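These notes concern the structure reproduced below.
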Amino acid sequence: MALIKCPECGKDVSDKADVCPHCGVSLVQDEIKCPECGTKIEDGEEACSKCGCPVDGRVAKNKENGGVFGVLDQLTGAKNTKSIIKFKDLFNKGFEKHSREEMDEIFTAGGPKTTPDITKIDPKKVGAWAYLRIFALFAVSVFLFHLLVSNFKNSNSIPGLILMGAFGVPVTILIFFYEIDLPHRIPFYRVIYYFLLGGVLSLLVTLLEYNVFKLNFSSLDFGTAMLVGAVEEIAKVVIVAAFLFREKKADFILDGLLIGAAVGAGFAAFETAGYILNYGTSMNDLMYVLFLRAVLAPGGHVAWAALEGAGLMYVKGFINKLKSDHVTSSKFIIIVLVSIFLHGLWDCPWISWFKWEATMEWFVPMILIIIVWTVLFYFVNLGLRQIEAAKQYYLKQAATTMVAKPVAKKTEVKK
């Protein structure tokens, strides 16, 4: 038997002991410590109790997840991720009656008096509904502009038709992510800022990449489709990461999901407007391109960029400051590669490969939409679990502060 020093109290302990007999600290060699601050990670913890760094999957001693979430756990390093809510719970509120005052409250969040206390947020009550009202507004606008162009032959209304058609679905999805961002720390005006500026900048970076590397594809095969996906997703990652580094109120996975969606929505809206303008040579063609891009928008640029933003905030944790190490983390790179792969599959010429009819151009994108929203739902659950972990962390911090606070002694008044 040999003696070792207890890492906690420094006293001599047998190397065969599981715990120190002097201070009770565990001496098990395979215990996991936080990679950020070195704090011991207890079994069952989802984040470091000291710095909020996400727990690596190796910590889990309970049964691992199966199915899709189990596969995603292996990719992200999360452990035993379970659904806090059902997928339909995100959308159920859309069919309830809501007042104008409730709508006002949604879009005034993010101020000193309108930011919710993290310790009072219930992750299970997440849900969105305002996005449906916004979508209805865009749908009515498209219908009216189409009426002006087709029935009244007003060519001045064509730009309005293109604008409403291109922006409708991307903005609707962005509103959805804004609603489910439970911390509600980022004001809506700043989300619009990220949407407009992020969309333009990500397009600019994309074109710079094409010019610098002299990329020009007259036709696409599997390799070139993947290359296009890489170029465009890297451009969006650069802008999303830049915004997250600058956004002081972004701490959580759901914040990253929102800012990523804002950049992706801007990219999608501007790109769609260009497609409608270039390929809408007749009113029928214009409306077909508009409709096709609108229906497929939920599984495209918005979703891919949202994954990238969520992934970066996931590897950061809710306490740590975002650093360059997080951007180069293998976990984040894997998440970006997932977006690139899905984007590449989206751009593949499936119709020419399999001699499908034109109507079959909907088939593969619909499958990819289901896949990417499954992954998004996984990250929404990671985000909700992180909110719960942050809630417990701050409650514990508050309790510790209260205990440490000295109690004033009563002084006796001499008569």
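The values are calculated or read from the model by the stated rules, or taken from the named source; none is laboratory data. None of the values given here were measured: they were computed from a predicted structure. Don't worry about glycine lacking a Cβ; one is built from the backbone with ideal geometry, like all the others, and counts go over all protein chains shown. The accessibility values were calculated without ligands, DNA or RNA, using every heavy atom of the protein model including side chains. Shrake-Rupley method; radii C 1.70, N 1.55, O 1.52, S 1.80 Å.
When Val200 is tested against (1) without any contact (Cβ under 8 Å) to a residue 40 or more places away in the chain; (2) within 18 Å of Gly300 (Cβ to Cβ); (3) β-branched (Val, Ile, Thr), exactly one condition is not met: (1).
Residues in the range 87-107 that are in a loop (DSSP other than H, G, I, E, B), without any contact (Cβ under 8 Å) to a residue 40 or more places away in the chain and surrounded by 10 or more Cβ atoms within 10 Å (Cβ to Cβ): Phe91, His98. Give me the residue from the range 108-130 that is aliphatic (A, V, I, L, M) and touching a Pro at 6+ places or on another chain (Cβ under 9 Å) and, out of that set, nearest to Glu179 (Cα to Cα). Of everything passing the filter in the range 108-130, Ala109 is nearest to Glu179 (Cα to Cα). Each residue in the range 311-355 was checked for being buried (at least 17 other Cβ atoms within 10 Å of the Cβ), of a type outside the set (A, V, I, L, M, F, W, C) and not in a helix (DSSP H, G or I), and 3 pass. Leu337 meets each of the listed conditions (1) among the aliphatic types (A, V, I, L, M); (2) free of Cβ contacts under 8 Å to residues at least 12 places away in the same chain; (3) within 23 Å of Ile180 (Cβ to Cβ) apart from (3). Considering Tyr194, Tyr210, which residue is under 16 Å from the mean Cα position of the chain (by Cα), of a type in the set (Ser, Thr, Tyr), surrounded by 14 or more Cβ atoms within 10 Å (Cβ to Cβ) and on the phi < 0 side of the Ramachandran plot? Selected residue: Tyr194, the only one of Tyr194, Tyr210 that is under 16 Å from the mean Cα position of the chain (by Cα), of a type in the set (Ser, Thr, Tyr), surrounded by 14 or more Cβ atoms within 10 Å (Cβ to Cβ) and on the phi < 0 side of the Ramachandran plot. Any idea which residue in the range 124-167 is farthest from Asn381 (Cα to Cα), counting only those that are charged (D, E, K, R) and free of Cβ contacts under 8 Å to residues at least 40 places away in the same chain? Here the residue is Lys153. Residues of the range 235-249 include at least one that is more than 29 Å from Arg385 (Cβ to Cβ) and either surrounded by fewer than 24 Cβ atoms within 10 Å (Cβ to Cβ) or of a type outside the set (Val, Ile, Thr) (or both). For the residues Phe167, Phe176, the requirement of being in a helix (DSSP H, G or I) and within 19 Å of the chain's Cα centre (by Cα) singles out Phe176.
Condition test on Ile186, is it touching a residue at least 12 places away in the same chain (Cβ under 8 Å) and either open to solvent by 40 Å² or more (accessible area, probe 1.4 Å) or not in a loop (DSSP other than H, G, I, E, B) (or both)? For Ile186, the condition - touching a residue at least 12 places away in the same chain (Cβ under 8 Å) and either open to solvent by 40 Å² or more (accessible area, probe 1.4 Å) or not in a loop (DSSP other than H, G, I, E, B) (or both) - is not met.
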